[in-house]
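A short write-up of the structure that comes next.
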Amino acid sequence: MLGPEEIDFIRQRAAELARRDGERLERLREEVRALRGAVRRIYPRTTTTVSLVATDAGEEIIEFDPHLFFPVRVVDSQGRVIFRDLLTPWMDVEVLNRQHLEDGQPKTPLGRLMADLGVSALWELSPMIPDPATPLDRRNRRWIQDYRDLGEWAALYDYLMGPQEFATDTLIVRDGFLRSKLFAGDHFARMWERMEAAVERRRRETGRRLFVAGIAKRSKVLDRYHLALFLEGVLVQPGACAVRIPPTMERQVYRWAEYAPGEEGEARKFVAGVLHLVKFGSRPEDPIWAVDVWERHVRQGEVDEILGYLLGDAQVGFPIPFYPLCLQRAHEQARLGGLDAELLQDLVLQTIREQILPDRPEALVTFRLLAGGRRKNRDGRE
């Protein structure tokens, strides 16, 4: 139990910390007050909305998996698979590279992105992909998640650059912000330059406009300023509304300065979006989301139109209310679980049975039982 001295110590420390935190909150409120006049109403509009989402895959999808297979899928909200792969943390990255680009010829959306950027290897496209010379025990196992994220960016690139026809103006919604430190050099900025040229060419030739926005459920900017926004009455008024966040506020939040926009007119190496905080619901207490609008649309004065399309889609959002339905559908299409997880487990067992233990099938059963018992003991589950 806490003794009287400890209770008195905690009381004093809590009072001191609360006072200092109150000073910090007051500074945040001063920053937020300047946004009051920048809040604007948004009104629903209708157009085709499509979302691209990568499967949130990992070791937990397959219960028994000595190889640590990592399935990668990027699908759109209509269920079309745009990018797919299966890899392990220890696989030969040179073999992986040839699956995308061989003798200068692209074979996948990621290969097309590499070829268009003049990159011949995955580890040249992103420093997160291990160089073949890197010893296996020096690899960061997170590289397979980074590879999945590259596949998601390649899917967006392929969607905008591809030959597919669009029957109407279309809003493409990315699951996450339109910014990334995943790419080496200026590859990220050059990718967006090529996509902008393709979108403009399509508009001239077909009259169809393509819009791009990214939306995130969590944002460090929103986490920092949420209470101040509430206390200052910003984005808590009735009706759907939005406010653009100044770059100065973003730069105070992000760990890496490159992840936030620079000064006006400064080149954006890792950032292609302009951050807005948006409330799609009509009630003051409805949730606020962080939305990155492609800076091309900001330059052309299309922000209200895009937010209106997002609002129209979010009004029918289910099961998450006031969250874009296209994103929710894409997540459902991308999810691997239930029968899909059972199928993956069966495929893993079949591979082990055929390639590793062809003469001792009973050994696999015994090993699986022992491994399962160790996992239960480690996790504390019955």
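A short reminder: the numbers here are calculations on the coordinates, not readings from a lab. Being a predicted model, the structure only gives us computed values, none of them experimental. Because the Cβ atoms are built from the backbone with ideal geometry, glycine has one as well, and the counts that use them run over all protein chains shown.
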Per-residue Cβ contact counts at 10 Å, fewest first, order Ser219, Ser51 as Ser219, Ser51
Calculate the length of the line joining the C-alpha centroid of the stretch 1-43 to that of the stretch 221-239, in whole Å. 14 Å
Using mean Cβ contacts within 10 Å as the protection proxy, how do 291-297, 236-242, 121-127 order, highest first? 291-297, 121-127, 236-242
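Need one word for the stretch 48-334: rounded, prolate or oblate. Basis is the Cα gyration tensor (sqrt eigenvalues a ≥ b ≥ c); a/c below 1.5 gives rounded, then a/b vs b/c decides.
Numbers: a/c = 1.60, a/b = 1.47, b/c = 1.09.
Taking the square roots of the gyration eigenvalues as a ≥ b ≥ c, the stretch 48-334 is prolate.
Tell me whether the stretch 145-221 comes out rounded, prolate or oblate; compute the Cα gyration tensor, take square roots of the eigenvalues as a ≥ b ≥ c, and use a/c under 1.5 as the rounded threshold. Please report the intermediate quantities before stating the final value.
Numbers: a/c = 2.09, a/b = 1.55, b/c = 1.35.
It is prolate, given that a/c is not under 1.5 and a/b is the larger ratio.
Taking the Cβ of each residue in Glu94, Glu250, Glu31 as the centre, tally the other Cβ atoms inside 10 Å and list the residues starting with the fewest. List each step's numbers first, then the result.
Numbers: Glu94 12, Glu250 20, Glu31 16.
Sorted ascending by nearby Cβ count, the order is Glu94, Glu31, Glu250.
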Gly79: net charge of surrounding residues, Cβ under 12 Å, Lys/Arg +1, Asp/Glu -1, itself excluded? +2
